[in-house]
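The values are calculated or read from the model by the stated rules, or taken from the named source; none is laboratory data. From a predicted model like this one, the values you see are computed outputs, not experimental measurements. Neighbour counts run over all protein chains shown; Cβ positions are idealised from the backbone, glycine included. Heavy atoms of the whole protein, side chains included, go into the accessibility calculation; ligands, DNA and RNA do not. Shrake-Rupley method; radii C 1.70, N 1.55, O 1.52, S 1.80 Å.
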Amino acid sequence: MSLAERLSEYVRACFPGIWIESQEQSEALTEIAQLCRAENWRLLTWNIDRGLQQPGQSEPGDASSTDPLAAVRALSALPASDGAVLLVLENFHRFLQSAEIVQALIRQVLLGKVNRTFIVILSPIINLPTELEKLFVCLDHELPSREQLLEIAQGIAVEAGELPEGSELDRVLDAAAGLTRYEAENAFSLSLVRSARLCPGAIWDVKTQTLKKTGLLELYQGGEDFSSLGGLAALKAFCKRSLLHPCRDNPRKQARGVLLLSPPGCGKSQFCKCLGRETGRPVLMLDVGSLLGSLVGQTEERTRQAIRTIEAMAPCVVMVDEVEKAFAGLASSGQTDSGVSARMFGSFLSWLNDRTADVYVVVTANDVSRLPPEFSRAGRFDAVFFLDLPSRAEKDAIWRLYLDDYQLEREQPLPDDAQFTGAEIKSCCRLAALLDLPLVQAAQNVVPVAVTAAEAVERLRVWAGGRCLAANQPGLYQHHPPKSSARRRVNRNPSQN
């Protein structure tokens, strides 16, 4: 349902206070003006620059008409009319800190029930004072749909001769999804200037500006794909198959994401970065710490803003790294931060469960004991995978990759890598190239995490056994603990130990 159709319903039902959240106020005003002409309603607009105006009036009003309080009061002074009278106040959220303006709005909204005058506040955000919350209804002016973006592309591409077809056109429209009409026109024009045709690359450059403006997300721009990541065959196949079979017409069939659990250095973060390149999706990196704000309510607002930005960038891959550290203070949130972390976590959980946008979420963790059970329940993720230390075959593949990357001799002897992760193999190759040493000597400077944190790694393996899918082969991960030697008998007399 369009903005004009929803607004028509509320005006006919006599809702005298209406707040429209819009990132394209000129487009919203055009729709409202068309509705008023069709219904024979009277329309007035006000902004701080041009003051009180009627559509079609080219010259600004007198100096007094730019007073926001006078604009509200002017509505009640208008002569009676058989139809409705709409006063659209642009960016009026800037003036709602004034007690006089808030009181004038209350009075006018109550009078509007009687004389059919309507206050319509047009703003990019919803910021209602407590006194007005029960008096205003809030509407969203939605961003352009794929059909509308296609119309814009057709208009822009007249100079290029023709539109791309098939999957290439789908990629162009995917890249433009979430842009305003103004941004889409600019992105399509930039694409024509760069390559004389519509292509996703230039459109993504424009779309990336959204991330820079918010500062809440980071776009990863790397060239790695699955060929640069050794092992994890089952995980690669699962994610690639689910992402390359999208269901645009049924959001309930869309892939949702995976939770990756492993000791540090086993390739969780690198897998997510490679997944985006492999499936042709941008990778957005969400730092939960960046959502925290110093002011009351700022954290919750930044969380909602980050979610809106993510959905505007769809289809995409979102990586939330080290999630157990990001939400480490949940248990004591009520005593330490007045429940801010708990509310942010609740918003994140609700979005994971209820989102309809084509967003694939990859969450990584090193310590499952610090995650609440509701986080990993079925429905929020497609699967939970455990990434163990690489097997012998996986280690051989990883050695070959990094020996080639650092231009090292392949035929040289390999060190004892029984406890090595992929990150430690990379570190060994890097040190060998940096210090000009054989791999065996360079490995003497690498202490595996499976040695320094042996107890924690073993606890993680025990927990994952039978609970998580294995990343390197189909089926559940099965933990086979090493056979322990006979326990040393300890005398209970401390003086004899």
Original post:
Which angle between 0 and 90 degrees, to the nearest 10, do you get for helix 422-435 versus the longest principal axis of the chain when only C-alpha atoms count?
Top reply: 70 degrees
Original post:
Heavy-atom accessible area of Leu78 with all protein chains present, probe 1.4 Å, nearest 10 Å²?
Top reply: 50 Å²
**OP:** Considering the options Gly422, Gly465, Val449, tell which one lies farthest towards the positive end of the dipole of the range 392-470, charges being +1 on Lys and Arg and -1 on Asp and Glu at the Cβ, about the Cα centre.
**Re:** Gly465
Original post:
In Å², what does the accessible area per residue of the chain work out to with a 1.4 Å probe?
Top reply: 52 Å²
Original post:
In terms of modelled amide H atoms, which long-range or inter-chain residues lie less than 5 Å from the amide H of Thr421?
Top reply: Val449
Subject >> Carbon/sulfur fraction of accessible area - the range 392-470, other protein chains in place, 1.4 Å, % >> reply: 51 percent
**OP:** Using only alpha carbon pairs under 8 Å that are at least six residues apart, calculate the relative contact order of the range 3-140 and give it in whole percent.
**Re:** 38 percent
**OP:** Return the label of the correct value of volume of the Cα convex hull per residue in Å³, as calculated from the structure shown, out of (i) 230; (ii) 141; (iii) 185.
**Re:** (i)
Subject >> About the Cα centre, charge dipole magnitude for the range 3-140 (Lys/Arg +1, Asp/Glu -1 at Cβ), debye >> reply: 480 debye
**OP:** Sort all Cα-Cα distances of the range 146-214 into consecutive 10 angstrom bins from zero, then give the percent of pairs in each bin up to the one containing the longest distance.
**Re:** 23, 61, 15, 1
Subject >> Portion, in percent, of the accessible area of the range 3-140 that falls on carbon or sulfur, probe 1.4 Å >> reply: 49 percent
Original post:
Any idea of Tyr477's accessible area? Nearest 10 Å², probe 1.4 Å.
Top reply: 20 Å²
Original post:
Just the accessible area for Met1, please: 1.4 Å probe, Å², rounded to the nearest 10?
Top reply: 130 Å²
Subject >> Antiparallel content of DSSP bridges confined to the chain, in %, to 5 >> reply: 15 percent
Original post:
If contacts are Cα pairs under 8 angstrom and at least 6 residues apart, what is the relative contact order of the chain in percent?
Top reply: 12 percent
Original post:
Once both axes come from the Cα atoms, what is the angle between helix 454-464 and the longest principal axis of the chain, in degrees from 0 to 90, rounded to 10?
Top reply: 60 degrees
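Rounding to the nearest 20 debye, state how big the charge dipole of the range 146-214 is about its Cα centre with +1 on each Lys and Arg Cβ and -1 on each Asp and Glu Cβ.
The calculation lands at about 400 debye.
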Subject >> Simple Cβ-charge dipole of the chain, Lys/Arg +1 and Asp/Glu -1, about Cα centre, in debye nearest 20 >> reply: 2000 debye
Original post:
Taking a 1.4 Å probe, which of Arg241, Arg107 shows the most accessible area, and what order do the others take after it?
Top reply: Arg241, Arg107
Subject >> Selection from Ser350, Gly276, Leu150 lying farthest towards where the dipole of the chain points positive, charges on Cβ >> reply: Ser350
